[in-house]
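One structure is given below, encoded as structure tokens.
The values are calculated or read from the model by the stated rules, or taken from the named source; none is laboratory data. As the structure is a computational prediction, the values presented were derived from the model and not from experiment. Quick reminder, even Gly has a Cβ in these numbers, built from the backbone with ideal geometry, and neighbours come from all protein chains shown.
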Amino acid sequence: MAGPSHYALFAAIMGAAVSTPSLAQEQAAPVPSGDSASAPPPAAKPDAQPVDQTIVVTAQRRRQRLEDVPISITSVSPQLVQSLNLNDVAALQVATPSLTATSWVGYGQFYIRAIGANFSNPGVENPVGIYVDGAYIIRGKGGNLEVLDVDNIQVLKGPQGTLWGRNATAGAILINTADPIFKVGARGIVEFGNLGHRTYEGMINVPLSDTVALRVAARRREEGGYIRNLPDNYQFGWSKNTQVRAKLLFQPSPDFSAVAQYERQWRTASQNANYQGLPAVFCQLCSSTPYSYPLRDLFTTAINRIRPSGVGIDADNDFYNLKMKWDLGLISLSSVTAYTDNSTLDLCDCDLTTVASLHFTIPSTNKTFTQSMVATTKRIGLFEATAGIDYLHDRSTYAIEGIVPRGIIKSESVSPFAEISLFPVDKLTVTGGLRYTSDKRSGVQTGLPVARFSDDYLSPRLVFAYDFGRVNAYASYNKGFKAGGINSPQTPLGLYKKEALTAYEAGLKYFSSEPNLRANVAGFYYDYKDLQTVAIDQGGSGGPGAVQQPDARLWGVEFDFSWRPVRALELFGGGLWEHSEFRNNEKAGVQVPIFDALGRPVGMAPGTENLTGFRLPHAPKFSFNIGANVTVPLSDTGWTGHLTGILTYSDSYDFFPGAGGPLRFDRTPSYSTSRMSGSVNSPNDRLEIGFFIENLTNEKNVIFRFTTAPFGATQIINRPRTYGIRLAAKY
């Protein structure tokens, strides 16, 4: 938890951001990175030259133009991150139609094109690979995926197993934060808004010598509660996130650089803002309370505070990272060495009533070491190549105090990989790659036998790409897998096998600097084997249990665009149409209603249902976003006005297989949400005075539902309209 020393550190950084002399251009990279079709670059000043539309991505482990990479990618710029308050990874779904994200009891649950996982415990990981500054993050736990001082964010869709390894079945999210540069500069941002919204952010960049530079960034972000607890008028839904990052660059020559990084994140938050969503007849304990369920007001609840303070999540995360790069001429080498130490305590009143029952205290930790070595060649005659090896060692613990004994899960993974691109004729590229992965796991719970698991897998990739000039076309074949292993906190520990996905994709990428138009479209077909479906093991431990591994198939079309019809206006957007279905899910674990002899409902119990043909979770048939970025001159002295807005829409989708069972409660209705920001900026953006609005139309959107027999169902509503002012200074 953040203490007085943390606030003192923040005060020092913010003071430096105000007092340090100037930086005219924060990023020294010759080509700007991070802007994209779904996430536009800042609009050009009306009196400036056309904006350089080049987008550089690292999806293939080397720096390339976005339009040259045969992968469906959304690249999110730091400008869009700031203007739309995309403060964590989950918020990226605003700008990425194929990405959905939820959080429950401290888990970060991510889905790309309907591929994801509902739980992320030790041994039960997410098939969306998340990389921060090149380092693999084994699970999004405890809110350790805040976005601060970014250089760019890339969302790669489709299996990325060959280049990015295990658990990238759905795709990968690459978060690259800003490295130090050899210019003095600083930035400070403060925000004040309703519902207790407060943000204090600072960055300072200082060259220490001709070869060493330091960059420090920090942020304190607070959100107030918005769900009133009827028994005591307490406000659930608040959170406090603190993040400090320091980076030290050593660059003795243009051919070698090393960046050492330390980052610390603290997060405290209330218990989940749960709402009992089902009628009292389906809730075993509801009759023992004075409240009638479901409550009429969605922004109220009636549960117990586990702690007098109301804190339900208390997490600390330390991240150490060392990036090194060598340019040896024809060959470039890179190394990423990282260590993550996360400790999280979650508390849940999971019966969703004022009865003192099902009060879960869930401590968990993970200590993860990763090492990645990659070599890339420049083009040598008719080919270029990439090869490397990734290593992971993780030790994680998990328990549900008083119910599930403390368990220790150890995971070790080694995976060499290689990829070669051939250029047999002009404008044609043929790429083939292969990764071999070997996984070993062991798990033990107090007083129980040791569980062991090992497996290996080959992940091939084959791509044909042709450059027609303004249009690049590609067709690809990829295989990805999510590791099997040990299922905690099930008691005794259970084993489950890996899942595998075969994907076929074809796409077109169009780019023209005049009239500044970029458009991309991709069609895909997925064949899924042994999908790891996870449900609550209510007959045993009360924890998650992999109950069945059915097959599934998906297909769809995704598109995005960015268009600047005039210098002052940028339009952007994207969409996804998708069909998904289970193929053999005859006895899926669900929650079924119980009826008396007269056919009246009298309760609910765990059961099974044939879900063959049902949609996969997090699979809306259609979703899209549309946005605009406007810049206009306000005076002849260089002051400008900026306005950015985005509208996001999604069809209905299920949170769990079969929407939880015959009641179909675990489903969000179709929804839309919108955000807007505006500002007045001085010349060179040295000063900014602006505003922001989240959930502009004040929609009541369901962001999570989960049925748990016999205790009813939890429902979480998104935050109401949040608005405020933003003040920023840059030197």
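Please state which one of Phe182, Phe250 is assigned to a strand (DSSP E or B), hydrophobic (A, V, I, L, M, F, W, C) and surrounded by fewer than 21 Cβ atoms within 10 Å (Cβ to Cβ).
Values: Phe182 fails: assigned to a strand (DSSP E or B).
Just one listed residue meets the conditions, Phe250.
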Residue match in region 675-691 (condition: buried (at least 17 other Cβ atoms within 10 Å of the Cβ) and touching a helix residue (DSSP H, G or I) at 6+ places or on another chain (Cβ under 7 Å)): yes
First in region 86-114 and part of a loop (DSSP other than H, G, I, E, B), second anywhere and modelled with pLDDT of 90 or more and of a type in the set (Lys, Arg), Cβ under 8 Å, 6 or more apart: Asn87/Arg221; Ser98/Arg113; Ser98/Lys157; Arg113/Lys157; Ala114/Arg615
Residue within region 153-167 that is buried (at least 24 other Cβ atoms within 10 Å of the Cβ), charged (D, E, K, R) and at pLDDT 90 or above present: yes
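Starting from residues that are small (Gly, Ala, Ser) and out of contact with any helix residue (DSSP H, G or I) (no Cβ under 8 Å at 6 or more places or on another chain), keep the ones in region 590-624 and report whichever is farthest from Ser98 (Cα to Cα). Quick ask: steps written out before the conclusion?
Here is the first cut: in region 590-624, the residues small (Gly, Ala, Ser) are 597, 599, 603, 605, 607, 613, 619, 623.
Filter once more, so that each one left must be out of contact with any helix residue (DSSP H, G or I) (no Cβ under 8 Å at 6 or more places or on another chain): 597, 599, 605, 607, 613, 619, 623.
Details: Ala597: 46, Gly599: 41, Ala605: 34, Gly607: 31, Gly613: 21, Ala619: 9, Ser623: 8 Å.
Top of the filtered list is Ala597.
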Subset tally (residues that are buried (at least 17 other Cβ atoms within 10 Å of the Cβ) and on the phi > 0 side of the Ramachandran plot) for region 292-336: 1
Total residues in region 191-238, condition surrounded by fewer than 17 Cβ atoms within 10 Å (Cβ to Cβ) and aromatic (Phe, Trp, Tyr): 1
Residues (more than 21 Å from Ala91 (Cβ to Cβ) and among the β-branched types (Val, Ile, Thr)) located in region 701-727: Thr707, Thr708, Thr714
Where Ser454 falls short, out of the listed (1) under 30 Å from the mean Cα position of the chain (by Cα); (2) surrounded by 14 or more Cβ atoms within 10 Å (Cβ to Cβ); (3) more than 25 Å from Arg62 (Cβ to Cβ): (2)
Any hit, region 270-291, residues being touching a residue at least 60 places away in the same chain (Cβ under 8 Å), surrounded by 15 or more Cβ atoms within 10 Å (Cβ to Cβ), touching a helix residue (DSSP H, G or I) at 6+ places or on another chain (Cβ under 8 Å) and assigned to a strand (DSSP E or B): yes
Any pair with Cβ under 9 angstrom, 6 or more apart, that starts in region 417-430 at a residue that is on the phi > 0 side of the Ramachandran plot and ends at one that is of a type in the set (Asp, Glu): Lys427/Asp467
Near pairs, Cβ below 6 angstrom, 6+ apart or cross-chain, from region 691-717 (closer than 14 Å to Phe299 by Cα) to any residue that is among the basic types (Lys, Arg) and not in a loop (DSSP other than H, G, I, E, B): Gln715/Arg705
Given (1) at pLDDT 95 or above; (2) of a type outside the set (S, T, N, Q); (3) more than 30 Å from Leu517 (Cβ to Cβ), number of the condition Ala605 does not satisfy: (1)
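Hey, among Thr431, Thr397, Thr437, which residue is of a type in the set (S, T, N, Q), within 13 Å of Gly165 (Cβ to Cβ), out of contact with any His (no Cβ under 9 Å at 6 or more places or on another chain) and in a strand (DSSP E or B)?
Numbers: Thr431 fails: within 13 Å of Gly165 (Cβ to Cβ); Thr397 fails: within 13 Å of Gly165 (Cβ to Cβ).
Of Thr431, Thr397, Thr437, the one residue that is of a type in the set (S, T, N, Q), within 13 Å of Gly165 (Cβ to Cβ), out of contact with any His (no Cβ under 9 Å at 6 or more places or on another chain) and in a strand (DSSP E or B) is Thr437.
Does Glu699 satisfy being out of contact with any Cys (no Cβ under 6 Å at 6 or more places or on another chain), under 30 Å from Tyr293 (Cα atoms), surrounded by fewer than 23 Cβ atoms within 10 Å (Cβ to Cβ) and among the acidic types (Asp, Glu)?
On the way: out of contact with any Cys (no Cβ under 6 Å at 6 or more places or on another chain): yes; under 30 Å from Tyr293 (Cα atoms): yes; surrounded by fewer than 23 Cβ atoms within 10 Å (Cβ to Cβ): yes; among the acidic types (Asp, Glu): yes.
Answer is yes for this residue.
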Within region 337-396, considering residues that are surrounded by 21 or more Cβ atoms within 10 Å (Cβ to Cβ) and small (Gly, Ala, Ser), the one nearest to Tyr291 (Cα to Cα): Ser364
Qualifying residue in region 664-674 (condition: under 30 Å from Ala729 (Cβ atoms), without any contact (Cβ under 8 Å) to a residue 40 or more places away in the chain and in contact with a Gly (Cβ under 6 Å, 6 or more places away or on another chain)): no
